[in-house]
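This report refers to the structure that appears directly beneath it.
The values are calculated or read from the model by the stated rules, or taken from the named source; none is laboratory data. Just so we're clear, the structure is a prediction, and the values are computed from it rather than from any experiment. Please note: Cβ atoms are built from the backbone with ideal geometry, for glycine as well, and neighbour counts cover all protein chains shown. With ligands, DNA and RNA removed, areas are computed over all heavy atoms of the protein, side chains included. Shrake-Rupley method; radii C 1.70, N 1.55, O 1.52, S 1.80 Å.
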Amino acid sequence: MASAFVVGDKFRNKVTHLLANSESALPRALREELEEVLEKPEPTILPFSTARKIKKYLQDKGHPFYLHELLEDSLLHLPEIVKPPRNPELVARLEKIKAKLANEEYKRITRNVNTQEINRHGMLSDFRQQVRSVKAVVVTIFNFLVTIVAAFACSYMGSQYLFTETTARVISAVIAASVVGLAELYVLVRTMEGDLGEP
């Protein structure tokens, strides 16, 4: 917390003039404090207590300048905060707690890993299972495409009894294949949701 000002040249000039002026009957204690402040090397620090004494003196004597005019080019002096040294016992305890928490986190992450199952046989069975799942997906997509192509072919061939123009036959076949494709897609999505355990 600030307890002093860093005063500028304006303050130094006015206070020097005030000290040199023989008519200003500054109290001896205040005069000594001001002289001591001015003798210090830059940056010049003015404590709040001295600033209050100057303000009171200026108010009592009715001087033509005021404290805020003196401190116009001044700044608040914020002292550096000195951090106390850390207690070595506390640091050691904190490091121990951090290591313990990291160990618990590692155990939590790896609790599902069974090192006895990770062997050659286990890896081959996992590979077999992955091949089966990929095979099932490929078969499903192939079945989906064959169903749409078959629906298109049947509709195209069957529409020859209704339409004589090729354009109308193609349009009716595309519509029938689209309806069959959407129905197949709906069934496929519902099946996948059931496999994932969703309702």
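A few points about this structure:
- Summarising the amide proton neighbourhood of Thr44: residues at separation of 5 or more, or on other chains, whose placed amide H is nearer than 5 Å comprise Val7.
- Förster-model FRET efficiency, 22 Å R0, Phe144 and Glu193, C-beta, rounded to 0.05: 0.85
- The calculated FRET efficiency for the pair Ala29 and Gln59, based on their C-beta separation and a Förster distance of 30 Å, comes to about 0.95.
- Ser155 - accessible surface, heavy atoms, 1.4 Å probe, Å² rounded to 10: 30 Å²
- For Met157, solvent-accessible area (1.4 Å; no DNA, RNA or ligand), Å²: 110 Å²
- Förster radius 30 Å - calculated FRET efficiency between Asn13 and Ser49 (Cβ-Cβ, nearest 0.05): 0.85
- Projecting label points 7 angstrom from Cα along Cα→Cβ for Glu39 and Ile81 puts them 3.5 nm apart.
- Chain lengthening between Asn103 and Tyr186 when straightened (0.36 nm per residue, less Cα-Cα): 25.1 nm
- When each of Lys83/Lys107; Lys10/Lys56; Lys40/Lys61 is checked by Cα-Cα distance, pairs over 31 Å: Lys83/Lys107
- Solvent-accessible surface (1.4 Å probe) assigned to Asp60 amounts to roughly 110 Å².
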